[in-house]
Amino acid sequence: MNGAVIVTGGASGIGLETARLLKERGFAPHIADLKREALDAACAALGLPAGHAHALSVTDEAAVEVMVARVAEGGTLVGIVNCAGIAVDRPMLETSVEDFRRIVDVNLTGTFIVSRAAARLWLARGAGGAIVNITSVSGMTGNKGRSAYGASKGGQNLLTLVMANELGPHGIRVNAVAPGPIDTPLTKAIHTEDVRGQWNARVSLRRYGEPREIAKAVAFLLSDEASYVNGHILAVDGGFLTAGLTIREA
């Protein structure tokens with residue numbers, strides 16, 4: 001199912017590594033992000049034409065629709081990877097309403113806007129496609145400091161299931177990858193040494209994941225090898241969600 005794939009948040013971290021792997025596997029990645037300079041650098045690093053970079057906010061409905069239409073005009077649009085996201089690590093009582101709304105708007109509403117634009121185009125053309133949402137284990141468990149981020153990611157997970165149910169009959173598959181702790185610019189910025197220690201103690205593999213490990217899961221869900229996978233939330237978390245007792249008394 002090779003063709004064009006739009007990767008939002010594609011200028012760094014998981015998004016950039018996903019675009020890199022998709023290109024290696026014969027897809028034509030288009031990357032969307034906020035900052036033109038970062039996009040240009042990412043395109044240069046990946047060897048992509050300048051026309052494959054789209055500077056926009058995923059919360060801008062009109063800009064997203066223009067992007068989706070332009071990508072589809074240049075070739076066959078076969079996939080969407082919703083990777084754009086922001087976060088804060090802050091107790092609920094110290095989280096402002098402004099921050100809560102901003103995080104939900106980018107992470108959840110942005111996923112809805114991009115997915116809807118692509119799905120409408122596919123339906124109008126009688127074509128199928130695949131959507132992969134990058135969510136988080138923080139949307140599946142009550143991690144401290146994640147009231148806004150966790151709510152947005154939990155919403156993404158449920159949106160994934162609803163879209164899979166509604167769009168599946170039209171040949172559009174919708175799945176999610178829920179990463180655990182991954183070494184990205186975002187986690188490096190918000191995870192203190194204490195936080196990193198807590199993650200590593202709970203993850204049975206005792207390490208942070210790498211962006212390419214997430215990219216491999218995304219590439220699988222986009223591929224024909226996952227042609228009968230729909231409405232699945234794949235945790236790629238080193239065993240975090242399966243952890244039970246981790247300390248044994250002497």
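The values are calculated or read from the model by the stated rules, or taken from the named source; none is laboratory data. Values in this document were obtained by computation on a predicted structure and should not be read as measured data. All Cβ positions, glycine included, derive from the backbone under ideal geometry; neighbour counts span all protein chains shown. Heavy atoms of the whole protein, side chains included, go into the accessibility calculation; ligands, DNA and RNA do not. Shrake-Rupley method; radii C 1.70, N 1.55, O 1.52, S 1.80 Å.
Here is how the numbers come out for the structure above:
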| item | result |
| --- | --- |
| Per-q log10 I(q)/I(0), the range 142-227, q = 0.12, 0.13, 0.17 Å⁻¹ (Debye; single scatterer per alpha-carbon; no solvent) | -0.48, -0.56, -0.87 |
| Cut-off under 5 Å, modelled amide H: who pairs with G129 long-range | I172, R173 |
| Backbone HN-Hα couplings from phi across the range 50-63 [Karplus 6.51/-1.76/1.60, Hz, Gly and Pro as x] | 4, x, 8, 10, 10, 8, 6, 9, 5, 8, 8, 4, 5, 5 |
| Calculated from backbone phi, Karplus (6.51, -1.76, 1.60) coupling profile of the range 201-216 in Hz, x at Gly/Pro | 6, 8, 7, 5, 7, 6, 7, 6, x, 9, x, 5, 5, 6, 4, 5 |
| Prolate/oblate/rounded call for the range 38-128, Cα gyration tensor, a/c under 1.5 rounded | oblate |
| The range 111-250, relative contact order [Cα under 8 Å, separation at least 6], % | 28 |
| For the range 33-54 versus the range 61-97, the gap between their alpha-carbon centres in whole angstrom | 16 |
| Signed unit charges on C-beta, dipole axis of the range 1-121, positive-most listed residue G75, A38, A63 | G75 |
| Value of Rg/Rh across the range 69-203 [Cα atoms, Kirkwood radius] | 1.04 |
| Value of [θ]222 nm, deg cm²/dmol, for the chain, DSSP H segments ≥ 4, -39500 (n - 2.57) each, nearest 500 | -13500 deg cm²/dmol |
| For the range 147-155, Karplus couplings with θ = phi - 60° (6.51, -1.76, 1.60), whole Hz, Gly/Pro x | 4, 6, 5, x, 5, 5, 6, x, x |
| Accessible surface, the range 7-54, averaged per residue in Å² (probe 1.4 Å) | 41 |
| Long-range HN-HN contacts of T135 with modeled amide H, under 5 Å | V177, A178 |
| Sequence-distant residues sharing a close amide H with I182 (under 5 Å, placed H) | G209 |
